[in-house]
Amino acid sequence: MRKIAIMGAGQSGLHLAIRLLKSGYDVTIVSERTAEEIFNGPPTGATYLFNDSLLLEKELGLDLWNDTACHSTAFNINFGTPDGNYAFSINSKTSKPGVSIDQRLKFYQWIKLFVKNGGKFIVSDTTPSDLLACTEQFDLVVVSSGKGPLAKLFERDDNKSTHEKPARKLVQLHINNFEHPEKTKFTSITLDAVMGAGEIITAPFYQKDDIQCAFLLIESIPGGPMDIFDDAKSGTELLKKSKEMLRSLLPWRYQAFENADIIRDDAFLKGSFTPIVRKPVVHLNSTSSVLGIGDTVILNDPIVGQGGNNATKMANLYAQEIIKHGDKPFDAAWMNKTFDKFWEYSKHVNRFCDIFLSPPAPYVVDILQAAIQQPEIASDFVNGFNNPAGLFPWLGDEEEARMYISGKMTPVQANG
Ligand SMILES: Cc1cc2nc3c(=O)[nH]c(=O)nc-3n(C[C@H](O)[C@H](O)[C@H](O)COP(=O)(O)OP(=O)(O)OC[C@H]3O[C@@H](n4cnc5c(N)ncnc54)[C@H](O)[C@@H]3O)c2cc1C
């Protein structure tokens, strides 16, 4: 039985581990924290998953909150002007639902399931020297430690990385009494964008203590008018400042937040990071290499909610490639080839993120304007969050966009 070690019990590592375990592999997870420490630890990114990722979780029996958590089936994207006026909206149903489950709850339950099914779970903060020792004991070592320090072992890929500094400062709050006072149960994910300031994103959030609330993610452009949270230290303070910001910059959205409360004073996350793509393989010596997965190697800004979706899809692809490889050695050439296969998909994801992080090109504005008039375009755009590869080439190129729009706007001629 082939032995696989996975460093990090997060979105990609656990998914990969459980998938391989189901296929008969001998799998060991090395995690810096116990399941209980993860559950009782600080909040992580909201990680709204779109339907293709949810289906991958369902295949493994990991969709444990299918009947309890509020899933959303619509997407609203609203645009405002910097002087506080509402500009326009794109609204569409999503073809299949998505959901955001607190990762602390997910990882806790998934670790229990992994161990129950025969997986080995070791608690240790992996260091670079541990990695070399692991390559001697295992057929393959995969590093899934997210943004943690081990990622720095993986060299930046300058050809694939487009950022030198954080594109946004992030504040995420878990709130209640939002949209519908008394009860937060709503069926849409909403992204509100103000040119030059940033974006706010809201969606239902199933918090680890079985509280159905919402997350509010604020993506402020550094130095812009939304960038006001540096001094705020508590959840209550962050929410107060958020409301002030909403009242002045997005008054057309303010009402939905007027009565919002934070569910606990520590139910927040605040920080920033530079999006980066790293080379997927670390050569520890002339014969030993390790392979990176998830945020360790492809770290995107959460503006279009892709990191967790990518981590899930990458875990699924890596598992398929591991199984296909049979008894052959997992050498560096195989590792690079496996990552490259995923990059064929993720290059679209990364481009999609960058389009949202940049001031919109005129042809992108044309697509958005066309989406107001033509529901099919709105639907293509909104459903593209589930599979960003489907947004290209038309979202990435002026000429392709023109052809796409005219194809969708031209009425079909009746025959005869
Ligand atoms: C504010 C915010 C909002 C987000 N919203 C979304 C969203 O809506 N949709 C979406 O798809 N994505 C979203 N993301 C991104 C998503 O959360 C991540 O991309 C995803 O969790 C990455 O999975 P991963 O497996 O690479 O890392 P993680 O899930 O972070 O797991 C890494 C694990 O490794 C462990 N670890 C670290 N170092 C070590 C070590 N040395 N030894 C052992 N273990 C170690 C950590 O404790 C952790 O448990 C968001 C991110 C942020 C910051």
In this structure, does Asn76 turn out to be away from the ligand (no atom under 15 Å from the Cβ), within 20 Å of the chain's Cα centre (by Cα) and within 20 Å of Ala256 (Cβ to Cβ)? yes
I'd like the residue in the range 392-408 that is surrounded by fewer than 21 Cβ atoms within 10 Å (Cβ to Cβ) and in contact (Cβ under 8 Å) with a residue 40 or more places away in the chain and, out of all such residues, is nearest to Ser358 (Cα to Cα). Gly396
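Let's see how each residue does on (1) more than 27 Å from Thr81 (Cβ to Cβ); (2) in contact (Cβ under 8 Å) with a residue 60 or more places away in the chain; (3) more than 14 Å from the ligand (Cβ to nearest atom):
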{"position": "Val171", "(1), (2), (3)": "no, yes, no"}
{"position": "His174", "(1), (2), (3)": "yes, yes, no"}
{"position": "Thr187", "(1), (2), (3)": "yes, yes, yes"}
{"position": "Glu199", "(1), (2), (3)": "no, yes, no"}
{"position": "Ala203", "(1), (2), (3)": "no, yes, no"}
{"position": "Cys213", "(1), (2), (3)": "yes, no, yes"}
{"position": "Leu216", "(1), (2), (3)": "no, no, no"}
{"position": "Ile221", "(1), (2), (3)": "no, no, yes"}
{"position": "Met226", "(1), (2), (3)": "no, no, yes"}
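Matching residues to (1) in contact (Cβ under 8 Å) with a residue 24 or more places away in the chain; (2) among the β-branched types (Val, Ile, Thr):
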position	(1), (2)
Ala5	yes, no
Leu20	yes, no
Gly24	no, no
Ile29	yes, yes
Glu32	yes, no
Ala35	yes, no
Ile38	yes, yes
Gly45	yes, no
From the list Asp139, Asp209, Asp125, which one is acidic (Asp, Glu), away from the ligand (no atom under 12 Å from the Cβ) and within 30 Å of Pro280 (Cα to Cα)? Asp139
Verdict on Phe381 being touching a residue at least 40 places away in the same chain (Cβ under 8 Å), assigned to a helix (DSSP H, G or I) and either surrounded by 14 or more Cβ atoms within 10 Å (Cβ to Cβ) or under 27 Å from the mean Cα position of the chain (by Cα) (or both): yes
When only residues in the range 142-166 that are within 24 Å of Arg351 (Cβ to Cβ) and charged (D, E, K, R) count, which is nearest to the ligand (Cβ to nearest atom)? Lys147
Can you name the condition, by its number, that Asp327 falls short on among (1) within 27 Å of Glu199 (Cβ to Cβ); (2) over 14 Å from the mean Cα position of the chain (by Cα)? (1)
Which one of these is basic (Lys, Arg), in the same structural domain as Phe138 (by TED's automatic domain parsing) and out of contact with any Leu (no Cβ under 6 Å at 6 or more places or on another chain): Arg247, Arg278? Arg278
Taking the range 109-150, which residues are assigned to a helix (DSSP H, G or I) and among the polar types (S, T, N, Q)? Gln109, Ser129, Thr135, Gln137
Selection count where residues are closer than 30 Å to Thr190 by Cβ and surrounded by 18 or more Cβ atoms within 10 Å (Cβ to Cβ), scope the range 110-151: 2
Looking at Val194, Val143, can you tell me which residue is over 25 Å from Pro42 (Cβ atoms) and touching a residue at least 40 places away in the same chain (Cβ under 8 Å)? Val194
Hits in the range 69-97 - residues which are free of Cβ contacts under 8 Å to residues at least 60 places away in the same chain and in contact with a Phe, Trp or Tyr (Cβ under 7 Å, 6 or more places away or on another chain): Ala87
Conditions: (1) more than 23 Å from Phe215 (Cβ to Cβ); (2) surrounded by fewer than 19 Cβ atoms within 10 Å (Cβ to Cβ); (3) not aliphatic (A, V, I, L, M). Phe154 meets all but one. Number of the miss? (2)
Exception for Cys70 within (1) surrounded by fewer than 18 Cβ atoms within 10 Å (Cβ to Cβ); (2) within 30 Å of Met245 (Cβ to Cβ) falls at (1)
Matching residues in the range 33-73 - criterion: being in a loop (DSSP other than H, G, I, E, B), within 13 Å of the ligand (Cβ to nearest atom) and under 19 Å from the mean Cα position of the chain (by Cα): Pro42, Pro43, Thr44, Gly45, Ala46, Thr47, Phe50
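The values are calculated or read from the model by the stated rules, or taken from the named source; none is laboratory data. Keep in mind the model is a prediction, meaning the values are calculated, not measured. Note that each Cβ is placed from the backbone with ideal geometry, even for glycine, and that neighbours are counted across all protein chains shown.
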